[in-house]
Each structure stands twice: as structure tokens, then as C-alpha cells.
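Asker: Here's a structure for you.
The values are calculated or read from the model by the stated rules, or taken from the named source; none is laboratory data. This one's a predicted model, so the numbers in the text were calculated from it and none came from an experiment. Virtual Cβ from ideal backbone geometry, glycine too; neighbours counted across all protein chains shown. For the accessible areas, the whole protein counts, side chains as well, though only heavy atoms, and no ligand, DNA or RNA atoms are used. Shrake-Rupley method; radii C 1.70, N 1.55, O 1.52, S 1.80 Å.
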Amino acid sequence: MERSIPTKICRALRVVSEAAIYERLRKGQQDGEIAADIDIRPLAQFYNGVSQGIAVLAKAQNDPIAISNIAKTAMEAWRE
């Protein structure tokens, strides 16, 4: 079954967004900001998912406190 055009566009945007996050994390590894032994692919996927979730929440509920809580929690996960 062929996917609809909106589905293809959403997938392409997700792929591009994840790639941008991955490249920034890769640069962070090269610059010594992120340890070399950390697998940054899952990190890019995680933060891309967080970003998408925040975007959906912002449109569906427009709840700045919830958005802030999600962002803070995601950044706390970074430290571990």
C-alpha cells in the first residue's frame, strides 16, 4: 500500500529533523562536549521524539507549563 502524500512529507520532515540533531551531536563529540563512547544515534532519536511531542502538545493544548516540564525532563535525561 502506498503512503499518502502528507504521510510521506511527515516522514521526510522527521528524517531531516533527526539528521540535524544527529549532526549537532556528532559535532559535540568531535569538539569533546560529548564523550566519544556515547552512541548518539539513539540520543538523536530520543530528542527528535521529544521535539515532535512538544510540537503536538503545543498545537493540541497550548500548555506552556507542560511544555516546559517536558523540556526540563528531557534535559535532565541528558545528564545521566
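Asker: Near the amide H of Ile34, under 5 Å away, which other amide H atoms are found, from residues 5 or more places off or on another chain, if H is placed in the peptide plane?
Answerer: Gln29
Asker: In addition: If you place +1 on the Cβ of every Lys and Arg, -1 on the Cβ of every Asp and Glu, and leave all else neutral, what size is the dipole of the chain about its Cα centre, to the nearest 20 Debye?
Answerer: Numbers: 11 positive and 10 negative charges, 78 e Å.
Computed about the Cα centre, the dipole is about 380 debye.
Asker: Follow-up. For the chain, what is the mean residue ellipticity at 222 nm derived from helices alone (per DSSP H run of n ≥ 4: -39500 (n - 2.57); sum divided by total residues; nearest 500 deg cm²/dmol)?
Answerer: Numbers: 3 runs with 63 residues, N = 80.
My calculation for the chain gives -27500 deg cm²/dmol from helical runs alone.
Asker: Let me ask you something else. For the chain, compute Rh as the Kirkwood radius over C-alpha pairs and then the Stokes-Einstein diffusion coefficient at 10 °C and 1.306 mPa s; write the answer in µm²/s, rounded to an integer.
Answerer: Numbers: Rh = 14.2 Å.
Taking Rh from Cα pairs, D becomes 112 µm²/s.
Asker: Choose one of Ala58, Phe46, Gln30: the residue whose Cα lies farthest towards the positive end of the charge dipole of the chain (beta-carbon charges +1 Lys, Arg; -1 Asp, Glu; about the Cα centre).
Answerer: Going by the charge dipole, the pick is Ala58.
Asker: Ignoring everything but the protein chains, give the 1.4 Å probe accessible area of Glu33 in square angstrom, nearest 10.
Answerer: 120
Asker: Ok, one more. I want to make sure I understand the PRE zone here: with the label point 7 angstrom from the Cα of Gln29 toward its beta carbon, which residues in the range 41-60 have backbone N atoms less than 20 Å away?
Answerer: 41-50
Asker: Extension gain Lys59-Ala71, at 0.36 nm per residue separation less the Cα-Cα distance, in nm?
Answerer: On the way: separation 12, 0.36 × 12 = 4.32 nm, distance 1.58 nm.
The span from Lys59 to Ala71 would gain 2.7 nm if fully extended.
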